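The values are calculated or read from the model by the stated rules, or taken from the named source; none is laboratory data. The shown structure was predicted, so the numbers you read here are calculated from the model rather than taken from an experiment. We place every Cβ from the backbone using ideal geometry, glycine too, and count neighbours over all the protein chains shown. Only protein heavy atoms, including side chains, enter the accessible area calculation; ligands, DNA and RNA are left aside. Shrake-Rupley method; radii C 1.70, N 1.55, O 1.52, S 1.80 Å.
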Amino acid sequence: MKTEKYRVAPGKKVKLSDFDPDDELDGDKSAWKAHFAASSERLVELQELLYAEGKHKLLVVLQAIDAGGKDSTIRKVFGPMNPQGVKVATFKAPTEEELGHDYLWRVHARAPGRGNIAVFNRSHYEDVLIVRVKNLVPKAVWSKRYDHINDFERLLTDEGTTIVKIFLHISKKEQKERLQDRLDRPDKHWKFRKDDLAERARWDEYEDAFEAMLSKTSTDHAPWYVVPGNHKWARDAIIGRILVETLEGLDMQYPPAEEGLEGLEIPD
Ligand code: AMP
Ligand code: MG
């Protein structure tokens, strides 16, 4: 599987209609599942190595429209890893205290430390998505944020963080089915807000905001990947592969043993 085709080249003007949320599914469902199983096993090893070496930091940003699959991606892709080295940060509407600071304040505090993976379930990108679509601040304010975000991510990478950003791309029809499922199943009601319908009605405005985000903030140091999200098995396999390639690119090593371990035996 080639992951480059999902990666947004820096400066490229993105039209989401050029990306197929179904993908062409080269191979059947079981082939994708086998692919994911292999990546998943490798990811567990790589995360152990990242933690043991204690040198690198990995930040994975997940963004999507409502019901785009962020929660299930976290469960499937990061669930098998050792929770000791993985922290999930979920960003909801800011609290009073958070609103009293600049919008990156709460985000910076959740960035990963050495040896750790941080997964952002939503992120600072909400400040150019919902904030833009719902005019929560004037355009003169949000339009400056693309540059701030690129600079902020540059700061993180200069200081040793590797950043991967994943946009889960689903179709409007797929969102309808997933939202309907949340209405039809009592065990899913907790995920549904009547407000989700008002958000769905702004689908086109969200597309514009996602396209601007992808066009302005995919950089060499912090690339965006547009991952087809309609089929969960393909989605998981593609994300698994992207993460394996990213972590293998770090060329990590287990730390050297302490001097003088040769021949040591544990006494009874
Ligand atoms: P959920 O992920 O369904 O629990 O919803 C969280 C809600 O918080 C979403 O509607 C987000 O768009 C919203 N949210 C997250 N970050 C921000 C932000 N910076 N400003 C306003 N709303 C936000
Ligand atoms: Mg929601």
Report summary line: Listed residues Ala237, Ala198, Ala67; largest mean-square fluctuation, Gaussian network over the chain with Cα springs below 10 Å, found at Ala198
**Report entry** Listed residues Val244, Gly54, Phe152: farthest to the positive end of the dipole of the chain (Cβ charges)
**Finding:** Phe152
**Report entry** Two-decimal Rg to Rh for the stretch 12-106 - Kirkwood Rh, Cα set
**Finding:** 1.04
Report summary line: Of the convex hull enclosing the alpha-carbon atoms of the chain, the direction-averaged projected area in nm² is 18.6 nm²
Report task. In whole Å, largest first, what are the principal axis extents of the Cα atoms in the stretch 176-221? Result -> 44, 23, 16
Query raised in the report: For the chain, what proportion of DSSP beta bridges, expressed in % and rounded to the nearest 5, is antiparallel?
Result: 5 percent
Report task. Work the Kirkwood hydrodynamic radius out for the stretch 112-268: mean of 1/r over every pair of different alpha-carbon atoms, inverted, in Å. Result -> 19.0 Å
Report summary line: Computed about the Cα centre, the charge dipole of the chain from +1 Lys/Arg and -1 Asp/Glu charges at the Cβ has a magnitude in debye, to the nearest 20, of 1360 debye
Report task. Can you work out the accessible area per residue across the stretch 12-248, with the rest of the protein chains kept in place, probe 1.4 Å, in square angstrom? Result -> 48 Å²
